[in-house]
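Handing you a structure now.
The values are calculated or read from the model by the stated rules, or taken from the named source; none is laboratory data. If you're wondering where the values come from, they're calculated on a predicted model, not measured in any experiment. Don't worry about glycine lacking a Cβ; one is built from the backbone with ideal geometry, like all the others, and counts go over all protein chains shown.
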Amino acid sequence: MCTNIVEQTPVTGAGKGEHGWFKVKTAMVSYDHPVQLADEHALNIDFLSDTVSERIAVEMDAASARALVATITEALRKAEEANAII
């Protein structure tokens, strides 16, 4: 069964694709059927540029997604603690 869970946020970043680096403008996060992962449902993240052809797609299970969120939060906490975020 499809969940139809999709969230979107603007981002400022860069991604490396098939043809080199490109600006990333949007992150689309969904929890639905994956394309490659063998699980029934997965957290899917698409990092998109302004052009449709430039995209980085990631699929992961829920435990990996939660671990990634915790790891990002911890890295940002340490960066703030070190006054590295301006």
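Ser49 is checked against (1) under 12 Å from the mean Cα position of the chain (by Cα); (2) farther than 20 Å from Ala63 by Cβ and fails just one. What number does that condition carry?
(1)
Has the stretch 25-38 got at least one residue that is surrounded by fewer than 10 Cβ atoms within 10 Å (Cβ to Cβ) and at pLDDT 95 or above?
Within the stretch 25-38, none of the residues are surrounded by fewer than 10 Cβ atoms within 10 Å (Cβ to Cβ) and at pLDDT 95 or above.
Can you tell me which residue among Glu59, Glu81, Glu74, Glu40 is charged (D, E, K, R) and in contact with a His (Cβ under 8 Å, 6 or more places away or on another chain)?
Glu40
Every residue in the stretch 42-86 that is at pLDDT 95 or above, outside any helix (DSSP H, G or I) and farther than 20 Å from Thr9 by Cβ, please.
Asp61, Ala82, Asn83, Ala84 - these are the residues of the stretch 42-86 that are at pLDDT 95 or above, outside any helix (DSSP H, G or I) and farther than 20 Å from Thr9 by Cβ.
Now for a different question. Within the stretch 20-39, which residues are farther than 15 Å from Asn4 by Cβ and without any contact (Cβ under 8 Å) to a residue 24 or more places away in the chain? Spell out how you get there, then give the answer.
Just the residues of the stretch 20-39 that are farther than 15 Å from Asn4 by Cβ, to begin with: 20-27, 35-39.
The answer is Gly20, Trp21, Thr26, Ala27, Gln36, Ala38, Asp39.
On to the next question. Going through the stretch 1-45 one residue at a time, which ones are of a type in the set (Asp, Glu) and under 19 Å from Val69 (Cβ atoms)?
Glu7, Asp32, Asp39
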